[in-house]
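Here's the structure we're looking at; comments come further down.
The values are calculated or read from the model by the stated rules, or taken from the named source; none is laboratory data. Please read these numbers as outputs of a predicted model, since none were measured by experiment. With ideal geometry, Cβ positions are generated from the backbone for all residues, glycine too; neighbour counts draw on all protein chains shown. Just so you know, the surface numbers come from the protein's heavy atoms only, side chains and all, with ligands and any DNA or RNA stripped out. Shrake-Rupley method; radii C 1.70, N 1.55, O 1.52, S 1.80 Å.
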Amino acid sequence: MPSPRRNTEGRPLSASASSSSSSPGSPAHGGGGAGRFEFQSLLSSRAPGVDSTCARLRASESPVYRRGSFPLAGTGPSQAPPPALPEDDRMDLNPSFLGIALRSLLAIDLWLSKKLGVCAGENSSWGSMRPLMKLLEISGHGIPWLLGTLYGLFRSDSWAGREVLMNLLFALLLDLLLVTVIKALVRRRRPAHNQMDMFVTLSVDKYSFPSGHASRAALMSRFILNHLVLAIPLRVLTVLWAFIVGLSRVMLGRHNVTDVAFGFFLGYMQYSIVDYCWLSPHNAPALFVLWNQQ
């Protein structure tokens, strides 16, 4: 008996299947048939954007697309990389040697100033010396020196004395002006252990840099040594007074060590300015005529 025809899977074909496959319109006979028309109708019935949408969905689900190894056409504009941060907003991981040195000096200055502030309060280790330190503070204040200079100008009856006192007044006013300007520009706060019980303070006296007492002490000691005839012990005492006034500022907690050091330097340079611009009856006759009429 002839064996029944089998399909590709080895199963016997039914009579209806064999009859349909041998019909003239079936694909087995090479005709266009209903199957081909149905396939074309399915293709034409799809929406115009369905194919591209499905392609994009399938591509977006693939791991290659998620890694972003190739751009997909029609997916919109590609995102630009984030802008680089400006130089000011970047963290400086390699500070300069100068910055490290300045920070180290500042730390040493604060530590040494706190160690030397032994008279900052009554309960400090040298609290009993605080009244003496405050007396030295008054001796270096600007108001007693200004009042004493003005009194000497009114009482002087010689041209030489008036010339020296006039330049001393000019030096004191210059010192007040420069210290005030520098304090207003720098605005360094006074040490934390300082007690604001100073003698006659102004608005800028809440700042620390530079020390006006130290600059005034250096200025006055140099002025006295150059324009007064003094014995050697008195000259030594003048220099020692200037040094102790500067040291008392640190011991009282008023200033840091660098404030006093710069104050000494500023006072020394101020005398050089006064000596260069020395006032005399020849270059400033109006001032001396005014005091002569008094």
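When each of the peptides 146-158, 213-225, 165-177 is scored by the mean number of other C-beta atoms lying within 10 Å of its residues, the order from highest to lowest reads 213-225, 165-177, 146-158.
Could you provide, to the nearest whole Å², the per residue accessible area of the stretch 126-224 with probe 1.4 Å?
On the way: 4980 Å² over 99 residues.
Value returned for the stretch 126-224: 50 Å² of accessible area per residue.
Ranked from largest to smallest solvent-accessible area, with a 1.4 Å probe on the protein heavy atoms, LYS206, LYS134, LYS114, LYS183 come out as LYS114, LYS206, LYS134, LYS183.
The distance between label points at TRP111 and LEU185 comes to 3.1 nm (points 7 Å beyond Cα on the Cα→Cβ vector). Annotation: TYR271 carries an accessible surface of approximately 10 Å², with a 1.4 Å probe and no ligand, DNA or RNA atoms counted. Site pair LEU230 and ASP197 shows an inter-label distance of 3.0 nm when each label is modelled 7 Å from Cα along Cα→Cβ. Heavy-atom accessible area with a 1.4 Å probe sorts HIS255, HIS282, largest first, into HIS282, HIS255. For the stretch 245-288 versus the stretch 134-150, the spacing of their alpha-carbon centroids is 14 Å. Taking the Cα centre of the stretch 120-292 as origin and assigning +1 to Lys and Arg Cβ atoms and -1 to Asp and Glu Cβ atoms, the resulting dipole is close to 420 debye.
Shown in residue order for the stretch 111-118 are the 3J(HN,Hα) couplings computed by the Karplus curve 6.51 cos²θ - 1.76 cosθ + 1.60 at θ = phi - 60°: 5, 5, 5, 5, 5, 7, x, 7 Hz (x for Gly and Pro). Note on exposure: ILE108, ILE232, ILE273 ranked by accessible area (1.4 Å probe, complete protein assembly) read ILE232, ILE108, ILE273, with the most exposed listed first. The HN-Hα couplings worked out from phi for the stretch 141-147 by the Karplus form 6.51 cos²θ - 1.76 cosθ + 1.60 (θ = phi - 60°) are 6, x, 5, x, 5, 5, 5 Hz, whole numbers, x standing for Gly and Pro.
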